[in-house]
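K.L.:
Take a look at this one; I'll ask things after.
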Amino acid sequence: MDSDRRTRKGGVIAALIGVAVLGLTASITLGVTTFSAQVGGTGTFQTGTLLLSKTNSTGTCLSSSNSAGSITTNINAACSGSDLGSGTTNVPQVSQVSTVTLTNQGSINSATGLTLTTGACAAAAAPYGASALNPLSSGSDTAGFCGKVDVTIFNTTTAKCVYPVTAGACPAPSSANTLVTMASASPFTLASTLASGANVGLTITTQLDATATNADQGLAANASMTYTLGQ
Amino acid sequence: MRRMRRRLARGNPLVSLLLGSFSLLGVIALLSGSLTVYGGQFSGQIAGSGTFRSGTQLLSDTIGGTNCLSSPNSNAGIASNHATCTTYPLSTAVGSASTTTLGSQGSVAPTSASVATGGTCGVQQFADTSATGSNTGLPLGGATFGATGPSSFTDSPRSVAFDGSTGWGETLSSLVMPANYTLMAWIKPSALNGVILGATSTQSNVAAANNDRMLWIDAAGRLDFGNDVTTLRTTAASALTSGTWYFVVATKSTTTGMTTYINGVAKNSVASAGAKATLNYNGFWHLGWGGAVGSAFSNLPTTDYFAGDIADAAVFPTALTAAAVTGLYGQTTQAAFSAQVVADAPTSYWALQDTGTSLYSGAIANVAANGGGTNFRDSSNNPGTNAGTGAGGLGVDLSGPIGDTATTMNGTTGWIQTAVGTPTAFYASPGPQSFSIAAWFKATTSGSIMGFTNLQSNAAPGTWDRHMWLDAAGHVAFGVYPNAVFEVNSSATTGTNYADGNWHFAVATVAPVSATVGTVLLYVDGSLVAGSVGNETITGSDPAQVYGGWWHLGWSNANNGWTDGPTSGYWGGSLGQIAVFPSVLSAANVASLHGASSALAYLSAVTGGVATSNAYWPLDEGAQPASPACTYIAVTIQAGSACIYPIATGACPSVPSSNWLSMSSSIPTALPALKFTTAVSGAVPAAAVGLHVSVPWTVTGGASGFSSQLSHNSGYVLL
């Protein structure tokens, strides 16, 4: 304890002296010609990369563009496709399964892992436009629709249920776990670490709940799903 | 790290100086919020989204070029997904066909669809909305609901259009014709001819012993009022014109005589003794018709039928005052007008404001129900002539097996007698020796599913066997009589109580092994439950008794003689899809029959697909409607290449007499066009001719929790 206190005090003193020396160095000019010898060389310091990719049914996208000098925020908010599946014919009590694969595409390992943050759900009309007579028809239950979309997320890499958090397999879709309740439970840890080149697989099961009525026809529930890979 | 730095600093003052400098910079960076620069945190992020879309299961149909959609074509418009259509699937002309084209308008095709009568069959009516409300009117012939009402009302009034040649309305109550009275109606004549409202001493539109108390329009367009033998004609200046609404009123008082009003203003009156006289008789009021032609009145029309629209017809038991008439005419809405009429206490008030959806199913004079009874068709193709005749307490179970309807039996009187017992190529007598019987059953109590006796009745037979029943414990049993009582019982392998209110499928097979030995097997719900072990192999002169006889459905004599016989010879529950095969079905055959998921599939299976039956009674005939008039109309429904009512492969048969307007059938999910064809069933009583027989129809679709429905309530078949 005493030794540390001395050292800390010494460090502060040394720092103050250092600043003084630097200041003096900047102002002193030696007026004497001297011989010199010089060897030309370079030093290279290379940073690693930490990049995330996501593959869903639509395709694969990266957290940053695949071009020199393009990494800035390393956030890609323009990935296309729905991580909840792309079906347009969902009916009550029939589940829809989608898969999402997240890969550390960078050169360095992630020590802090991968997380999923889901946002609030919003519902809107999504009529079946190809109908000859009812191209505009959609249900009136936009207020309650998000709460009738049951969802589970299973991590196929760890064989654990991400949502609802369960040690093993996910439970069957039910009204206990919906897009509304999922937003409240977010964020979710998908991996505590993720080595370079490693990936995490997700199986996302969605289902229109048995309590859905005709008023829930032709609607779309949308929620943000943000995946973050930390250093 | 800190320890290393201390070591370096202790050993080298310059190093210590430099490290101290960096430490200070670190402190400065921390204070200035630049930690990320020096902390070196990298991260990658993908901000995506998930969208879950529900499908739409929407249905449309098109009749006569008019579309009907199960849901409005608008955002947030789907709520019940149930629409009431203005069209009707049956042609008005009996004997004609009408086609309904179906369409799936959603992203999800229906996984099930059906067509059914959606309510009680009856005849259209002119409801009496007076305080007593007891003198219902019935439209006949060319009388059409839903025409536009008086133009002076602002609340979308309606009226009934009369065609001037066949359309009229009879009333059901025979009344003592009043001495003081008022006749009233709103009219819009399309021809200057015919009777608006009148009384005769008969309910029908034929010549009667007495006829007066009538209002008519003569050829000059003048309104005439006949009472007893006196005619009161409105002034020439007040002649009516076609196509204009008028409020016409006629009052008769034994003290003041007769007065006529047009649009609230008196147009003529007479106070003679004749005008005050009363013709006494019991009679009926008629709308749009009266016995004027050939009568003793003056200025007669050339037809008794009114041509044009009539609304708000009423008869009052008093002569309304001029003020009351003016007060009525001054109403500006139909609602207010109706309220005032009721307040003025009419004997009868036929507002004629509905669209024909209000039906009458009660008794009609001289119209008894069709006595033909329900004929239970034999749909086997070999040759399919062993039809059944229903007796006693029978009904319809709309929740039959394999998506079909079934027949209910009351357990005490209801049963079905089959027609053929004499030897034919297909119904050998003596009774079948190598055969199988199959039936779907549902009950909560013991009873007889079917049986064979030597009598074509349910009288006590001399010989009886080949019986299938549920015993007192709910076990399925089957018995034959190879010179001794023999039965197989599901209790041999299972204690299951099949009298559980659910549908079950039972099959019994009898296979002669030799002239004296046979094997009897019993299957329930596709699985062998009895006959698989030794004591079910029987020995006798024949596996089944040798005698000629008839099959009985829902009745047997098994409650006499068998150890585990049923508690009743009748069946209290539902039966459907009963078939007799002149062959021994294999276990695989039985499983295939049990697996048939629709009535059409089962029909195909029992007519050669799995085995060829020589009798097959689907028992899915509709119930004879309670309304007597409805029992004279039958219908078939062709759905593409299949007939779904009655269920048959290929074209529908000519309309069977038992295809009542009380039914439910599945529609193939490909949604083929439906062709409805009606026919007269039986001899229509004269008093029923011209009645408007109507029943609501519904077409439904469904897909796992979503459903769509189209209702058709506005239409009729002219009897």
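The values are calculated or read from the model by the stated rules, or taken from the named source; none is laboratory data. On a predicted model such as this, the values are computed, not experimentally measured, just so you know. Every residue, glycine as well, gets a Cβ built from its backbone with ideal geometry; the counts of neighbours run over all protein chains shown.
K.L.:
With the requirement that a residue be crowded, with 16+ Cβ neighbours inside 10 Å and touching a helix residue (DSSP H, G or I) at 6+ places or on another chain (Cβ under 9 Å), what does the range A:153-174 give you?
P.N.:
Residues satisfying the conditions are A:153, A:163, A:164.
K.L.:
Looking only at the range B:172-188, which residues are buried (at least 24 other Cβ atoms within 10 Å of the Cβ) and either under 36 Å from the mean Cα position of the chain (by Cα) or basic (Lys, Arg) (or both)?
P.N.:
B:185, B:186, B:187 - these are the residues of the range B:172-188 that are buried (at least 24 other Cβ atoms within 10 Å of the Cβ) and either under 36 Å from the mean Cα position of the chain (by Cα) or basic (Lys, Arg) (or both).
K.L.:
Within the range B:107-149, can you find the residues that are within 30 Å of residue B:78 (Cα to Cα), touching a residue at least 60 places away in the same chain (Cβ under 8 Å) and either within 14 Å of chain A (Cβ to nearest Cβ) or of a type in the set (D, E, K, R) (or both)?
P.N.:
B:108, B:109, B:110, B:111, B:112 - these are the residues of the range B:107-149 that are within 30 Å of residue B:78 (Cα to Cα), touching a residue at least 60 places away in the same chain (Cβ under 8 Å) and either within 14 Å of chain A (Cβ to nearest Cβ) or of a type in the set (D, E, K, R) (or both).
K.L.:
Look through the range A:175-197, keep the residues that are among the hydrophobic types (A, V, I, L, M, F, W, C) and farther than 29 Å from residue A:111 by Cα, and return whichever of them is surrounded by the fewest Cβ atoms within 10 Å (Cβ to Cβ).
P.N.:
Restricting attention to the range A:175-197, the residues satisfying the condition of being among the hydrophobic types (A, V, I, L, M, F, W, C) are A:176, A:179-180, A:182-183, A:185, A:188, A:190-191, A:194-195.
Next, only the ones that are farther than 29 Å from residue A:111 by Cα stay: A:176, A:179-180.
Values: A:176: 10, A:179: 26, A:180: 19.
Only one residue fits best here, namely A:176.
K.L.:
What is the residue count in the range B:39-84 for residues that are more than 8 Å from every other protein chain (Cβ to nearest Cβ) and of a type in the set (A, V, I, L, M)?
P.N.:
3
K.L.:
Shifting gears a bit: For the range B:672-717, how many residues meet the condition of being surrounded by fewer than 19 Cβ atoms within 10 Å (Cβ to Cβ), among the hydrophobic types (A, V, I, L, M, F, W, C) and closer than 21 Å to residue B:64 by Cα?
P.N.:
Residues that pass the stated criteria total 2.
K.L.:
Just the residues that are of a type in the set (A, V, I, L, M, F, W, C) and more than 14 Å from residue B:123 (Cα to Cα), please, taken from the range B:684-708. Walk me through it before giving the result.
P.N.:
Residues of the range B:684-708 of a type in the set (A, V, I, L, M, F, W, C): B:684, B:686-689, B:691, B:693, B:695, B:697, B:699, B:703, B:706.
Of everything in the range B:684-708, those that are of a type in the set (A, V, I, L, M, F, W, C) and more than 14 Å from residue B:123 (Cα to Cα) turn out to be B:684, B:686, B:697, B:699, B:703, B:706.
K.L.:
Mind checking whether some residue in the range B:323-337 is closer than 25 Å to residue B:190 by Cα and in contact with a Pro (Cβ under 6 Å, 6 or more places away or on another chain)?
P.N.:
yes
K.L.:
Scan the range B:56-73 and give yes if some residue there is farther than 20 Å from residue A:132 by Cα and either in contact with a strand residue (DSSP E or B) (Cβ under 6 Å, 6 or more places away or on another chain) or part of a strand (DSSP E or B) (or both), otherwise no.
P.N.:
Kept after step one, since they are farther than 20 Å from residue A:132 by Cα, are these residues of the range B:56-73: none.
For the range B:56-73, residues farther than 20 Å from residue A:132 by Cα and either in contact with a strand residue (DSSP E or B) (Cβ under 6 Å, 6 or more places away or on another chain) or part of a strand (DSSP E or B) (or both): absent.
For every residue, the table says whether it meets (1) within 20 Å of residue B:379 (Cβ to Cβ); (2) assigned by TED's automatic domain parsing to the domain that holds residue B:96.
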{"position": "B:553", "(1), (2)": "yes, no"}
{"position": "B:561", "(1), (2)": "no, no"}
{"position": "B:567", "(1), (2)": "no, no"}
{"position": "B:590", "(1), (2)": "yes, no"}
{"position": "B:605", "(1), (2)": "yes, no"}
{"position": "B:630", "(1), (2)": "no, yes"}
{"position": "B:639", "(1), (2)": "yes, yes"}
{"position": "B:650", "(1), (2)": "yes, yes"}
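K.L.:
Restricting the search to the range A:42-101, which residues are more than 7 Å from chain B (Cβ to nearest Cβ), under 22 Å from residue A:118 (Cα atoms) and among the hydrophobic types (A, V, I, L, M, F, W, C)?
P.N.:
Residues satisfying the conditions are A:62, A:78, A:97, A:100.
K.L.:
Let me ask something else. Return the residue satisfying two criteria in turn: it lies in the range B:95-106 and is away from chain A (no Cβ under 14 Å) and at pLDDT 95 or above, and of such residues it is surrounded by the most Cβ atoms within 10 Å (Cβ to Cβ). Explain how you work it out, then say what you get.
P.N.:
To start, the set of residues in the range B:95-106 that are away from chain A (no Cβ under 14 Å) comprises B:95-100.
Of the ones still in play, those that are also at pLDDT 95 or above are B:97-100.
Values: B:97: 14, B:98: 20, B:99: 15, B:100: 25.
Going through the qualifying residues, I end up with B:100.
K.L.:
Within the range A:123-145, how many residues turn out to be in contact (Cβ under 8 Å) with a residue 24 or more places away in the chain, of a type outside the set (Ser, Thr, Tyr) and facing another protein chain (nearest Cβ under 8 Å)? Full working, then the answer.
P.N.:
Taking the range A:123-145 first, the residues in contact (Cβ under 8 Å) with a residue 24 or more places away in the chain are A:123-128, A:137-142, A:144-145.
Subsequent filtering for residues that are of a type outside the set (Ser, Thr, Tyr) retains A:123-127, A:139, A:141, A:144-145.
Within this subset, residues satisfying the condition of being facing another protein chain (nearest Cβ under 8 Å) are A:125-127, A:139, A:145.
The number of residues fulfilling the criteria is 5.
K.L.:
Also, quick follow-up: Regarding residue A:120, is this residue more than 10 Å from chain B (Cβ to nearest Cβ) and either in a strand (DSSP E or B) or surrounded by fewer than 23 Cβ atoms within 10 Å (Cβ to Cβ) (or both)? Show your work before the answer.
P.N.:
Details: more than 10 Å from chain B (Cβ to nearest Cβ): yes; either in a strand (DSSP E or B) or surrounded by fewer than 23 Cβ atoms within 10 Å (Cβ to Cβ) (or both): yes.
It is true that residue A:120 is more than 10 Å from chain B (Cβ to nearest Cβ) and either in a strand (DSSP E or B) or surrounded by fewer than 23 Cβ atoms within 10 Å (Cβ to Cβ) (or both).
K.L.:
Wholly within the range B:670-713, which strands (runs of 3 or more DSSP E) include no fewer than the required count, namely at least 3 residues that are away from chain A (no Cβ under 14 Å) and within 14 Å of residue B:631 (Cα to Cα)?
P.N.:
Values: elements: B:674-680, B:692-694, B:697-703, B:706-712.
Counting at least 3 such residues, we get B:674-680, B:692-694.
K.L.:
Here's something else I'd like to know. Can you give me the number of residues within the range B:615-625 that are modelled with pLDDT of 85 or more and surrounded by fewer than 24 Cβ atoms within 10 Å (Cβ to Cβ)? Before the answer, list the steps.
P.N.:
Here is the first cut: in the range B:615-625, the ones modelled with pLDDT of 85 or more are B:615-621, B:625.
Retained after the next criterion (residues that are surrounded by fewer than 24 Cβ atoms within 10 Å (Cβ to Cβ)): B:625.
Qualifying residue count for the region: 1.
K.L.:
Separate question: Against the condition modelled with pLDDT of 95 or more, part of a loop (DSSP other than H, G, I, E, B), under 42 Å from the mean Cα position of the chain (by Cα) and of a type outside the set (D, E, K, R), how does residue B:193 come out, does it pass?
P.N.:
Details: modelled with pLDDT of 95 or more: yes; part of a loop (DSSP other than H, G, I, E, B): yes; under 42 Å from the mean Cα position of the chain (by Cα): yes; of a type outside the set (D, E, K, R): yes.
Answer is yes for this residue.
K.L.:
Next question, about the same structure. Which one is surrounded by the fewest Cβ atoms within 10 Å (Cβ to Cβ) among residues in the range B:339-363 that are touching a strand residue (DSSP E or B) at 6+ places or on another chain (Cβ under 7 Å) and not in a loop (DSSP other than H, G, I, E, B)?
P.N.:
B:342
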